[in-house]
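Engineer: First the structure, which I've put down as structure tokens, then a few questions once you've had a look.
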Amino acid sequence: MNLSIYQADAFADELFRGNPAAVIPLTEWLPASQMQKIALENNLSETAFFIPGDGFYHLRWFTPTTEVSLCGHATLATAHILFKHLGFRGDIIHFQTKSGILPVSREGDLLYLNFPASKLVSFPTPQGLTKALGLRPLEVMVSGNNPLAIYKNESEIRNINPDFQLLTKLAYKGIIVTAAGHKADFVSRFFAPLMGINEDPATGSAHTLLIPYWSHFLGKSVLLSHQVSQRGGFIYCEMLDDRVRIGGKAITYMQGTLFLD
């Protein structure tokens, strides 16, 4: 069996920036165990697989170690491949996923994800979190199993040097750190060692927490985000009633063939 594979950098307008994702079109699902092996072999933070439905596409995402229920940058990358290389006509693609229907719209040179907003609640700062990150946050919010740690300024975010072994012991799916930004409304970083990703370069799903927090804190619905990882990424944000719009660019890095015989 031979399969087409694409790789694109999401939340970037030049190669080697943003967050790389593999995208694999299918006509029917492979066994989950085989898709997981492909994702491990790709060794990217996410590999997306999709199959066509009736007026939409079924979409699934795999890290090198597990299937996840929501991924922003690989959704953006998949939409980019459909628009740019696979002849999708129209300006809105609907993806059926484990998190429901996720539309992606093409608006000029930006692609916008439309995701459910996460509900945040205040949470006492876990002692282990401070030790693992090396710096105590001003406050911690949480949504599900994802803590959002708020810090004083952008410099603190950039200088955090996590102990990933300690982070793994905390059993959080993903840890987001954030502060107000200089060139953007806010900055962030995202750590997910439990999912095989020590630091994710540019994370759409984290913005389902970040946008509600900063929209409320800053009193504005349209914001610019800068994820200050080594590769970096700029993300265009909008708070809706109970959803968020997460916008960015993408650029194709590679097209090839998988040989699964």
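The values are calculated or read from the model by the stated rules, or taken from the named source; none is laboratory data. This structure is a prediction, so every number in the text was calculated from the model and none was measured. Cβ coordinates were reconstructed from backbone atoms using ideal geometry, including for glycine residues, and neighbour counts include every protein chain displayed. Side chains are part of the model used for accessible areas, which takes the heavy atoms of the whole protein and leaves out ligands, DNA and RNA. Shrake-Rupley method; radii C 1.70, N 1.55, O 1.52, S 1.80 Å.
Engineer: Can you give the net charge of the other residues whose Cβ lies under 10 Å from the Cβ of PHE83, counting K and R as +1 and D and E as -1? Let's see the in-between values first.
Structural biologist: Details: positive: LYS84, ARG89, ARG106; negative: ASP91.
Taking every Cβ under 10 Å from that of PHE83, the sum is +2.
Engineer: Can you tally the net charge around GLY174? Count Lys and Arg as +1, Asp and Glu as -1, for every other residue whose Cβ sits under 12 Å from the Cβ of GLY174.
Structural biologist: Details: positive: LYS173, ARG189; negative: GLU199, ASP200.
For residues surrounding GLY174, the net value is 0.
Engineer: Where in the range 72-120 are there trypsin sites (Lys or Arg not before Pro) that are in a DSSP coil and have at most 14 other Cβ atoms within 10 angstrom of their Cβ?
Structural biologist: On the way: sites: LYS84, ARG89, LYS98, ARG106, LYS119; in loops: ARG89, LYS98, LYS119.
Sparse-neighbourhood loop trypsin sites (Lys or Arg not before Pro): ARG89, LYS98, LYS119.
Engineer: For helix 72-84, what angle does its Cα long axis make with the longest principal axis of the chain, in degrees from 0 to 90 and rounded to 10?
Structural biologist: The answer is roughly 30 degrees.
Engineer: Run lengths n ≥ 4 of DSSP H only: what is the helix-derived mean residue ellipticity at 222 nm for the chain, with -39500 (n - 2.57) per run over all residues, to the nearest 500?
Structural biologist: On the way: 6 runs with 55 residues, N = 261.
That calculation yields -6000 deg cm²/dmol at 222 nm.
Engineer: Excluding ALA192 itself, what net charge comes from residues whose Cβ is under 9 Å from its Cβ, given Lys and Arg +1 and Asp and Glu -1?
Structural biologist: Value of the local net charge: -1.
Engineer: If you only keep lysine pairs separated by 8 or more in sequence, or across chains, how many in the range 54-212 come under 22 Å at the Cα atoms?
Structural biologist: Values: LYS98/LYS119; LYS98/LYS173; LYS119/LYS173; LYS131/LYS152; LYS131/LYS169; LYS131/LYS173; LYS152/LYS183.
Counting lysine pairs in the range 54-212 gives 7.
Engineer: Here is a follow-up. For the chain, state the average projected area of the convex hull of the C-alpha atoms over all orientations, rounded to one decimal in nm².
Structural biologist: 13.3 nm²
Engineer: Just want to confirm a number: the relative contact order over the range 177-261, from Cα pairs under 8 angstrom separated by 6+ residues, in percent. Before the final figure, lay out each step's value.
Structural biologist: Values: 126 pairs, mean separation 19.6, N = 85.
Rounded, it is 23 percent for the range 177-261.
Engineer: When only C-alpha pairs under 8 Å and at least 6 residues apart count, what is the relative contact order of the range 1-134, in percent? Show your work: numbers first, answer last.
Structural biologist: Working: 220 pairs, mean separation 23.2, N = 134.
After rounding, I find 17 percent.
Engineer: How large is the dipole of the range 1-80 about the Cα centre if only Lys and Arg carry +1 and Asp and Glu carry -1, each at its Cβ, rounded to the nearest 20 debye? Spell out each step's value before the answer.
Structural biologist: Working: 3 positive and 8 negative charges, 28 e Å.
The calculated dipole for the range 1-80 is roughly 140 debye.
Engineer: In the chain, which longest range has no GluC sites (Glu not before Pro) that are both DSSP loop (not H, G, I, E or B) and surrounded by at most 11 other Cβ atoms within 10 Å? Let's see the in-between values first.
Structural biologist: Working: sites that count: GLU14, GLU28.
Value returned for the longest uninterrupted segment is 29-261.
Engineer: A further question follows. With springs only between Cα atoms under 10 Å apart, run a GNM on the chain and tell me which of PRO52, PRO25, PRO103 wobbles the most.
Structural biologist: Comparing PRO52, PRO25, PRO103 in the GNM, the peak value goes to PRO52.
Engineer: Please compute the modelled spin-label separation between ILE101 and LYS131, points set 7 Å along Cα→Cβ, answer in nm with one decimal.
Structural biologist: About 4.8 nm, to one decimal.
Engineer: Just round it to a whole percent: the fraction of Cα-Cα distances in the range 125-261 exceeding 26 Å. It would help to have the intermediate numbers written out before the result.
Structural biologist: Values: 2248 of 9316 pairs.
Of the Cα pairs, 24 percent sit more than 26 Å apart.
Engineer: Here's another thing I want to ask about it. Run the accessible area of the range 134-185 with a 1.4 Å probe and give the carbon-and-sulfur part as a rounded percent. Walk me through the numbers on the way to the answer.
Structural biologist: Values: 1240 of 2640 Å².
Result for the range 134-185: 47 percent of the exposed heavy-atom area is carbon or sulfur.
Engineer: Same structure again: Considering only DSSP states other than H, G, I, E and B, which chymotrypsin sites (Phe, Trp or Tyr not before Pro) in the range 10-109 qualify as loop sites with at most 13 other Cβ atoms within 10 Å? Working shown, then result.
Structural biologist: Details: sites: PHE11, PHE16, TRP29, PHE49, PHE50, PHE56, TYR57, TRP61, PHE62, PHE83, PHE88, PHE95; in loops: PHE11, PHE16, TRP29, PHE56, PHE88.
Taking the range 10-109 and a limit of 13 other Cβ atoms within 10 Å, the loop chymotrypsin sites (Phe, Trp or Tyr not before Pro) found are PHE16, TRP29.
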